[in-house]
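First up is the structure itself, then whatever we jot down about it.
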Amino acid sequence: MRDINTAKANIDAIGFLEIDIDINIDLFAAIEKLKKEKNAIVLVHYYQEPDIQDVADFIGDSLGLAQQAEKTSADIIVFAGVHFMAETAKILNPFKKVLLPDLKAGCSLSDSAPPELFKLFKDKYPGHIVITYVNCSAGMKALSDIICTSSNAEKIIESLPRDQKIIFAPDKNLGAYLNKKTGRTMVLWNGACMVHEIFSLEKIIKLKIRHPKAKVIAHPECEEAVLGVADYVGSTTGLLKYSVESDATEFIVVTETGILHQMQKSSPYKTFIPAPPNNSCACNDCPHMKLNTLEKLYLCMEYETPEITMDENLIIAAKKPIERMLAISKQYGL
Ligand code: SF4
């Protein structure tokens, strides 16, 4: 077993505290105790593993999590999600401690938009407003005018005059979907999410043939051809809400499989079938999201590390477009 000092010294290299945990510890109870002792809140994304979802104080998608991070009075925010999400919480709470169970929990979509390259791209389109999907680094946020999530993107675009020229980044699939929905011709950055891009249209169609009554529900980060066979397209929260309110009892769910836990909990008598990707796996997990575990979450709360730290000027620059998003969302009651 490694001692805490050695484990802390290794965090930059491996991303988390590598310490053996006594197998007799009830992690669920221990996490609840730590929350009270440290005045900590645990914010959890829908794509986390079920055990982590079950210790959440708040569980949601990017918009809901940013809203919770903005209004919390806790001293410590423990963020069970990926790096850009914890960074967003830190930007909104620069004086609070924000912990992430595994610092290596990144995001392929965020990585597909390096700020230095995006700056060159942006300079080619003077007069354009930059709307950036929240799944990006703080450096990208600092180059943006308004941040959006899949829950509020349409409203944010519609809040701008029809003739306003817009660059949308980093997700080309979400951008193309939004161009279609809003009738705009936004210039799109060529980024994508590795999880949503590899769903197999052929396998979804085969599933639909085997389950003719099932509704196909999909996240707008999926490719256009996949969205074309969906009965409903929406944000993760939108998909959950649809599954609860729909009269259908079977759903083919075309997004990361973590959301199935909440769908099944909300509608125990309905059937949720994860859509398969274009490889040999039966369902589609985000390898970045799944780097977090209940053990890592417990250890990061106990030892208050790994912690998100950021440059002060970057926080100031990245905060403005996030605040603009939150203000527009409030205006539309989102
Ligand atoms: S599901 Fe896609 S967008 Fe979400 S964290 Fe994973 S790689 Fe990033």
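A simple spin-label model places pseudo-atoms 7 Å from Cα toward Cβ; at Lys104 and Ser159 they are separated by 3.8 nm. What is the calculated FRET efficiency for Gln264 to Lys124, with r their C-beta to C-beta distance and R₀ = 35 Å, to the nearest 0.05? Given R0 = 35 Å and the Cβ-Cβ separation, E is 0.15. Here the chain is assigned +1 on the Cβ of each Lys and Arg and -1 on the Cβ of each Asp and Glu. Its dipole about the Cα centre then comes out at about 1180 debye. Between Asn292, Asn93, Asn39, which gets the highest mean-square fluctuation from a Gaussian network model of the chain, Cα cutoff 10 Å? Between Asn292, Asn93, Asn39, it is Asn39 that shows the largest mean-square fluctuation. With both labels modelled 7 Å from their Cα along Cα-to-Cβ, the His211 to Lys180 distance reads 2.2 nm. Label-to-label distance, Glu304 versus Leu117, with points set 7 angstrom from Cα along the beta-carbon direction: 3.9 nm. Gain on full extension, evaluated as 0.36 nm per residue between Asn10 and Ser73 minus their Cα-Cα distance, stands at 19.6 nm. Spread over its residues, the convex hull of the C-alpha atoms of the chain is 148 Å³ per residue. Rounded, prolate or oblate, given the Cα gyration tensor of segment 255-334, with a/c below 1.5 counting as rounded? The shape class here is oblate.
Between the alpha-carbon centres of segment 256-334 and segment 115-164 there is a gap of 21 Å.
Among the trypsin sites (Lys or Arg not before Pro) in segment 116-198, those located in a DSSP loop and surrounded by at most 13 other Cβ atoms within 10 Å of their own Cβ are Lys124, Arg162. Computed extension length for Asp247-Ile25: 75.7 nm, one decimal, from 0.36 nm per residue of separation with the Cα-Cα distance subtracted. Per-residue ellipticity at 222 nm from helix content only, as computed over the chain with -39500 (n - 2.57) for each DSSP H run of at least four residues, stands at -11500 deg cm²/dmol.
When you filter the chymotrypsin sites (Phe, Trp or Tyr not before Pro) in segment 251-302 for DSSP loop state and at most 16 other Cβ atoms inside 10 Å of their Cβ, you are left with Tyr269. In plain terms, the chain from Glu224 to Asp285 could stretch by 19.9 nm, reckoned as 0.36 nm per residue minus the Cα-Cα distance. Legend: calculated FRET efficiency, Asp231 to Asn278, from the Cβ-Cβ distance at R0 = 25 Å, rounded to 0.05, equals 0.75.
Out of every Cα-Cα pair that segment 91-196 contains, those further apart than 25 angstrom amount to 21 percent.
Every number in this text was worked out from the coordinates using simple rules, so none of it is lab data. Bear in mind that the values here come from a model prediction, so they are computed numbers and not experimental data. In this analysis, Cβ positions are derived from the backbone assuming ideal geometry, glycine residues included, and neighbour counts consider all displayed protein chains.
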